[in-house]
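Worksheet: the structure to be examined is printed underneath.
The values are calculated or read from the model by the stated rules, or taken from the named source; none is laboratory data. No experiment lies behind these values; they were computed from the predicted model shown. Neighbour counts are summed over all protein chains in view; Cβ atoms, including those assigned to glycine, are modelled from backbone coordinates with ideal geometry. Only protein heavy atoms, including side chains, enter the accessible area calculation; ligands, DNA and RNA are left aside. Shrake-Rupley method; radii C 1.70, N 1.55, O 1.52, S 1.80 Å.
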Amino acid sequence: MNVVELISFGIIIYMLAAGSIYLVLFMVAGPKINREKKLNRTEQIEEIMINKDTYPISILVPAYNEEAGVASTVRSLLALNYPQYEIIVVNDGSTDKTSEKLMDVFKMKRIELAARSYFKTGKLTAAYQSQLHPNLYLIEKENGGKADALNAGVNFSQYPYFAAIDGDSILEKDALLKTMKPIIDSSGRVTATGGTVRIANGCKIVKGEVTEIKLPKRPLEVMQIVEYFRAFLIGRLGFSRANILLIISGAFGVFEKSRVIKVGGYNTKTVGEDMELIVRIHRSIKEEKSNQRIEYIQDPVCWTEAPSTIASLRAQRIRWQRGLAETIWIHRKMLFNPKYKGIGMFSMPYYLFIELLSAVFEVIGYGIIISGLLFSFVDTEIALVMLLVMILYGSLLSALAVLLEEWTYHKYPDVKSIFILYIYALTEIFWYRILANFWRVQGLVYSLRKKHAWGDMERKGVFSDDTPT
Amino acid sequence: MRMVQTFLWIVMGLLAVQLILLAILIFGKQKALKRQRKIAWVKSQVMPIYRKFIETPEQKWLEPQLPSNKSIRQAALEEMLIGFQETYKDQEERGRITELAERHLAPRYKSILKNGGWAERINSLYFIEDFRMASLKEDVFAHFKGLQKQDDEYWQCLRAAAILQDPKVVDVLFEQKTLSIGFSKELLMRMDEELHQRIMARMFMKDDAPENLLYAFIMLNGERKSERFFPFVEKMMTDERKEVRIKAMKSLTHYGKISEPQKLSAFFISIFWEERMYAAKLAGACKLSDFKEQLIHLFTDPVWWVRFSAADNLQEFEDGNALLHEIASTSEDAYARDVARHMLTKKGGGNR
């Protein structure tokens, strides 16, 4: 057996193993999903709605050049079903009219700043309070990146819990009730929660609320829906069950403020600030031997705008990959460290070998397939096996996620949508995954070179007009 | 090529399994959609008749024909009655909703509690609670007794039993030491004054109440401004346990009154910042102008929360703004100036 063949077998075994891990993770989460799927969700959160003991929350909306969507994001936040909360938009030195837009729509009036500073952040230049909605604030600061903006928001916030939400996301009306439920039920033992994030592209949105769930037209957007299913359904639930969850989506998560302050807030030196924070929280929980935990709820609570062009998707993937690489690098001491139990022994290695490096292995795999089938540099048999295993790992696993999604949530109202999603999932390995893998490898290379900036995703502002996109 | 063949078989095999699964799901989806349509249809047929019964019960009416399929009948009635509950708030109308639920749903829920699946049982418990189905009181508690694990079902059983005014829940509250404050309060909220009286009597008689229950009891009465239990709450302000004192003060801010204000003096100089903060809040909530001086003194407190509460509550007084202006321009303490200035520019928006 020569070196190429050895590598080929290595990759084949790797992909089979990774696929099996996905399945095992799902099986860990399966019983809970199955048990809970028939529960009456409205009845379940009714209690929290009337109970005065829900913890008040500060919702932080970091915004950088979000003039297209910021007003409708805020409007949707103002309509949330929750007894007590405040909204803090942090304008991170936008160069567009983000602030003007808010001031105009919500009649913001300047207030004096008396913020505590738990963390050092870029300089705050002004603070405003809405005259129409006294629980809406806008703070302006010098540009310092998303993590810095979030830290400034935490400094300014007054409540014991905060939710971080992207400027391009909208929350379901009951999102806070649902995400706070594990915290309230556990009397605070749960220190951070996140919920399922969905792609809003294609859906009908009226006044900051998703009124009709529909599939988008562009293949690139449909594929991302499949991808989200795969990540959320198969991955996160299983991790959460075992209390080894490492990611709470940047699009929406709820945190206990005192815990975040204790660990030092968001890290401004990485592009993956959301994951890095979760890892740090886990680390401090484990080091303190505390019995607190991070939980993930399966209900879809947040809708986000997915990139709709190749360029913006590429930028997003590169950023994600860099964030992941940086987080793992920062916390490399936790890798295979039994002190951190499941996190050190399973989650971290999982993110390193499966989430971070799978792209590298897959790209090598493409090379082997091409050189085997077209140029006979590699044994054709090996190349064919590689291709089949990739179909298993890429397409069939994603297709399974679509099926599981329908089995658990049946959110899409018609039979046609499920069929379309399934067919798309089957095609994943032949085009979408190839693109994504190349970008992820690129991200990995960039992370070695280090460059720091806000995400440069172009916003169409899907939520700014009330029409489907 | 044997290896290729093996993998080809695996891929084809899995694809086939998935396609079968897809077919099953699509079939299931269609069935579910059909069921939804059927439920909507049943509702549209029977709703006007039941609506009439609720609005004008004295008029003669004929019970409509309901579908024989138990699950569809149940779902349609549940949806309809929940909808009615949102419309009809009057005591008598509510009573008739309960009457309908008792007549059509009670036997079903009884059997679900015995033989249904986990989620089904919990859903039934939700509705037993919503419709206040007193005939199931014993069944609910008997079911609770049989539960081993403290999960959603356990909590919901207790909630339902509490709303049905089952006195046995009082024993659970005293004996089950692990119930959280929030949950104890949830149960208390559902109980009537008679049961509350029973709880208070037991607290006086024997010192065996779990702390969480005591906190919940103190807090809830404040939130409800319950006159009957005001002396009890006020008495707790001088309890030897710090946390009980704080909860009592918090509760009194809701009452907005205190019968012996002089008792507050000591709290302004307490070594615990929480007590200083609540002293400020209570002075504001009860508009105790004798304590203005102490409030102003707290502007220089080392703890942010205390300074803030002091400034916030000074505004409760007529000359509050004038005093804030004065502090903002003349105080020697930078913290005090800061917080006064901030307070002057804010309007509403809670404690900021």
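Here are some notes:
- Extreme residue, nearest to residue A:141 (Cα to Cα), among residues of segment A:73-110 that are modelled with pLDDT under 90 and open to solvent by less than 10 Å² (accessible area, probe 1.4 Å): A:73
- Residue satisfying all of: in segment A:267-295; of a type in the set (Ser, Thr, Tyr) and open to solvent by 10 Å² or more (accessible area, probe 1.4 Å); farthest from residue A:223 (Cα to Cα) among these: A:290
- Residues of segment B:120-147 satisfying the condition of being of a type in the set (Gly, Ala, Ser) and surrounded by fewer than 21 Cβ atoms within 10 Å (Cβ to Cβ): B:134, B:135, B:142, B:146
- Tally of residues being surrounded by fewer than 18 Cβ atoms within 10 Å (Cβ to Cβ), out of contact with any helix residue (DSSP H, G or I) (no Cβ under 8 Å at 6 or more places or on another chain) and touching a residue at least 24 places away in the same chain (Cβ under 8 Å) across segment A:416-427: 0
- For segment A:345-359, filtering for residues that are in contact with a helix residue (DSSP H, G or I) (Cβ under 7 Å, 6 or more places away or on another chain) and free of Cβ contacts under 8 Å to residues at least 40 places away in the same chain leaves 3.
- Flag if residue A:179 is farther than 18 Å from residue A:305 by Cα and more than 12 Å from chain B (Cβ to nearest Cβ): yes
- Listed by first and then second residue, the pairs linking a residue in segment B:131-147 that is of a type in the set (D, E, K, R) to a residue that is open to solvent by 60 Å² or more (accessible area, probe 1.4 Å), with Cβ atoms under 7 Å apart and 6 or more places separating them unless they lie on different chains, are B:139/B:110.
- Contact annotation: residue pairs with Cβ atoms under 6 Å, 6 or more positions apart or on different chains, pairing a residue in segment B:325-347 that is more than 8 Å from chain A (Cβ to nearest Cβ) with a partner that is open to solvent by 60 Å² or more (accessible area, probe 1.4 Å) and hydroxyl-bearing (Ser, Thr, Tyr), are B:333/B:300; B:336/B:300.
- Residue within segment B:306-325 that is open to solvent by 50 Å² or more (accessible area, probe 1.4 Å) and touching an Asp or Glu at 6+ places or on another chain (Cβ under 8 Å) present: no
- Residues in segment B:1-51 that are within 17 Å of residue A:411 (Cα to Cα) and polar (S, T, N, Q): B:30, B:36.
- Cβ separations smaller than 7 Å between residues 6+ apart or across chains give the following pairs from segment A:211-226 residues that are in contact (Cβ under 8 Å) with a residue 60 or more places away in the chain to residues that are acidic (Asp, Glu): A:223/A:428; A:226/A:428.
- Residue check for residue B:182: touching a Ser or Thr at 6+ places or on another chain (Cβ under 7 Å) and open to solvent by 20 Å² or more (accessible area, probe 1.4 Å): yes
- Helices (runs of 4 or more DSSP H) lying entirely in segment A:338-415 (those with 3 or more residues that are buried (at least 21 other Cβ atoms within 10 Å of the Cβ) and modelled with pLDDT of 90 or more): A:358-373, A:380-390
- Filtered by the rule that a residue be within 10 Å of another protein chain (Cβ to nearest Cβ) and in contact with a Lys or Arg (Cβ under 8 Å, 6 or more places away or on another chain), segment A:112-127 gives A:112, A:114, A:127.
- Only one of the numbered conditions (1) more than 12 Å from chain A (Cβ to nearest Cβ); (2) among the aliphatic types (A, V, I, L, M); (3) surrounded by 20 or more Cβ atoms within 10 Å (Cβ to Cβ) is not met by residue B:170, and that is (3).
- Which numbered condition residue A:443 misses (of (1) open to solvent by 20 Å² or more (accessible area, probe 1.4 Å); (2) part of a helix (DSSP H, G or I); (3) more than 23 Å from residue B:12 (Cβ to Cβ); (4) not polar (S, T, N, Q)): (1)
- Segment A:22-50 - residue that is open to solvent by 70 Å² or more (accessible area, probe 1.4 Å) and more than 14 Å from chain B (Cβ to nearest Cβ) and, of those, modelled with the lowest pLDDT: A:27
- Checking A:96, A:104 one by one, the residue that is farther than 14 Å from residue A:62 by Cα, more than 13 Å from chain B (Cβ to nearest Cβ) and more than 29 Å from the chain's Cα centre (by Cα) is A:104 and no other.
- Taken over segment A:111-138, residues that are out of contact with any Gly (no Cβ under 7 Å at 6 or more places or on another chain) and surrounded by 15 or more Cβ atoms within 10 Å (Cβ to Cβ) amount to 14.
- Among (1) surrounded by fewer than 20 Cβ atoms within 10 Å (Cβ to Cβ); (2) more than 24 Å from residue A:261 (Cα to Cα); (3) of a type in the set (A, V, I, L, M, F, W, C) - the single one residue A:68 does not satisfy: (1)
- Just one of the numbered conditions (1) assigned to a strand (DSSP E or B); (2) within 14 Å of another protein chain (Cβ to nearest Cβ) is not true of residue A:132: (1).
- Qualifying residue in segment A:51-61 (condition: out of contact with any Leu (no Cβ under 6 Å at 6 or more places or on another chain), open to solvent by 60 Å² or more (accessible area, probe 1.4 Å), at the interface with another protein chain (Cβ under 8 Å from one of its Cβ atoms) and modelled with pLDDT under 80): yes
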